[in-house]
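What follows is a short report on a single structure.
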Amino acid sequence: MQPETYPQNSDKTMNSFRTQPLSSRRKQEPEDADQVIVQTDFGIGVIVRTRKSDGIKEIRLGGNAYFGGREPNMLYTPKDYQSVPPCVGDDVICQYGRGVLKEIADDKYTIELASWRLSGRSTVTCHVTTAPKVVRKHTLSEMDSAERVDLAKSQKAQAAKYFAEKDFTGALNTYASAVDKVRNVQHDHTSSNEVRADLVVIMITCSNNAATCCIKLAKWEEASKFAKNALILLDALYGKRGMKIHTILKNEGTIDAKLFGEWRIKSYLVVARSCMEQGEVEDAIKILKKARGVGMPYIDALNSSDPCSGKEEKASLRALTSQMKEIKRLIAEYSEKKRAAKKIEKKKAKVMAKALFGSGAVGKENATPDEDNKVKNHDSSETKQHLRLIEDSQEKLLEDQIDFCSGETTGQTTVAGTKPPLLRKSSLKSKLTRENPTVQQSVSFSDQPPQVKEFDRAKDDDDDSPWQKHKEALILLGLAGFSVLTIVGLRRAFR
């Protein structure tokens with residue numbers, strides 16, 4: 001037997017609705033707060049709205065059911081359909097309120113009620129024998145702060161499984177989704193201090209874990225952003241030490257050494273690695289030193305505390321000690337890379353200076369004694385080599401001049417009618433002069449008239465020099481100038 005339904009494709013109904021004036025149209029009623037999932041004759045659907053005026057239920061069907069009209073998959077019926085069978089983890093509603101089904105055993109249903117809020121972290125659990133109705137899960141916009149925190153916790157647990165399986169991409173997406181779920185939470189009267197404390201922990205831990213996933217995937221910029229977000233939250237919480245949220249975390253086992261020591265150092269390590277991979281070596285070393293300054297006071301405090309301290313203190317001490325070893329190793333590694341980079345820069349500078357100014361101008365100031373001796377020996381050898389080349393070239397030039405000018409030496413004669421090139425006298429000691437002392441040091445043409453008028457240079461200099469002509473006048477002029485300067489100086493001194 002077909003149920004009594006009112007599909008939307010009824011032409012009479014649609015035409016009468018469209019022809020009604022706006023003032024006479026019935027105002028649409030709000031949707032149900034708890035939308036029950038039911039099994040209809042056309043498939044599984046969700047009761048979106050139950051009209052109070054006529055009892056008609058508006059059911060949105062899943063799948064490909066379509067009755068025409070403006071909204072597809074909508075079924076309008078007054079019939080009461082049964083809820084789908086409940087499963088563990090479903091959101092359900094019973095006579096005591098809304099909650100999550102935790103267990104089904106011997107026709108008994110254990111439900112953790114979410115609509116009951118007690119002080120602290122106490123929860124209310126009820127046991128019913130009647131099967132509860134399964135309801136649609138709330139969307140993110142419909143959730144309150146406690147539901148958002150619970151959702152983020154479940155996603156954090158799922159991301160941890162992905163990370164253990166080395167699915168770093170899935171872990172990163174899930175951690176980032178958990179952070180987004182609680183990023184813009186609007187607190188109200190239902191937000192207890194415990195919920196606020198859980199929200200802070202979720203934000204910090206998921207941000208640090210997401211940064212670690214980015215390091216595994218070599219996404220350095222994203223890793224730095226996640227780690228810096230965690231540092232911002234930790235700094236804000238550090239400024240509110242002793243207040244309610246900090247007190248709750250401390251009483252529940254999250255001690256300061258873990259909260260402001262381990263978690264903060266973990267963020268610093270991620271930022272330092274990111275800076276190093278981006279070529280910012282000095283910034284990475286500064287961050288590591290800052291992280292070391294953060295952790296050492298907590299290590300000293302834990303070492304000086306009671307040896308019979310709790311498990312949290314011992315675990316935090318082991319974790320901080322391991323982080324200090326990692327920081328020490330990274331500082332040594334990054335410092336060595338910094339020194340190697342400086343050496344490479346110095347070598348490049350020496351090569352450029354040698355190309356521009358020669359080898360003598362490279363590295364004399366910062367060179368070691370051995371390097372300095374090598375440079376000096378190299379410079380002296382190069383100097384001797386240059387002098388030897390100059391001397392050989394001068395000797396060769398002198399021999400060529402002698403061969404050209406002296407017919408007896410070379411056996412060559414000048415061509416008649418041609419004017420030989422002008423040559424000057426030379427007094428250089430050549431190889432030929434050293435081997436044969438009889439060779440004259442001056443050079444002249446053998447059979448040609450002198451090309452240059454020879455004269456006595458000393459005599460001409462004495463005759464033609466202005467000093468010889470006006471010696472007395474220049475001396476008097478110099479004495480007069482000196483006297484004027486002396487008088488002017490004395491007058492200024494005695495004023």
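The values are calculated or read from the model by the stated rules, or taken from the named source; none is laboratory data. Only a predicted model underlies this, so the values are computations on that prediction, with no experimental measurement involved. Positions of Cβ are backbone-derived with ideal geometry, glycine not excepted, and every protein chain shown enters the neighbour counts. In case anyone asks, the SASA skips ligands and DNA or RNA and just uses the protein heavy atoms, side chains included. Shrake-Rupley method; radii C 1.70, N 1.55, O 1.52, S 1.80 Å.
Observations on the model:
- Relative contact order computed over the stretch 65-182 (Cα-Cα under 8 Å; 6+ residues apart), in percent: 17
- Exposure ranking of Arg121, Arg196, Arg98 by accessible area [1.4 Å probe, largest first]: Arg121, Arg196, Arg98
- Amide N of the stretch 317-349 lying under 17 Å from the label point, which is placed 7 angstrom from the Cα of Ala355 along Cα→Cβ: 344-349
- Theoretical gain in end-to-end length, Phe482 to Leu233 [0.36 nm per residue, Cα-Cα removed]: 81.3 nm
- Among the protein heavy atoms of the stretch 90-207, carbon and sulfur supply 50% of the accessible surface, probe 1.4 Å, non-protein parts ignored.
- Approximating the spin labels as points 7 Å out from Cα along Cα→Cβ, the Lys79-to-Asp107 distance works out to 2.7 nm.
- You can think of it this way: the chain between Lys290 and Arg117 has 58.0 nm of extra reach, that is 0.36 nm per residue less the Cα-Cα gap.
- Furthest towards positive pole of dipole, His138, Thr110, Tyr76, structure part the stretch 32-185, Cβ charges: His138
- In terms of accessible area, using a 1.4 Å probe and ignoring ligands and nucleic acids, Trp263, Trp220, Trp116 rank largest first as Trp116, Trp220, Trp263.
- Cys275 sits with roughly 20 Å² accessible to a 1.4 Å probe, with DNA, RNA and ligands left out of the calculation.
- The stretch 219-263: GluC sites (Glu not before Pro) in DSSP loop, at most 16 other beta carbons within 10 Å: Glu252
- Full extension of the segment from Arg339 to Lys166, taken as 0.36 nm per residue of separation minus the current Cα-Cα distance, would add 58.7 nm.
- Taking the 1.4 Å solvent-accessible surface of the stretch 220-301 as the whole, the part contributed by carbon and sulfur is 52%.
- Label-to-label distance, Glu312 versus Gln186, with points set 7 angstrom from Cα along the beta-carbon direction: 3.4 nm.
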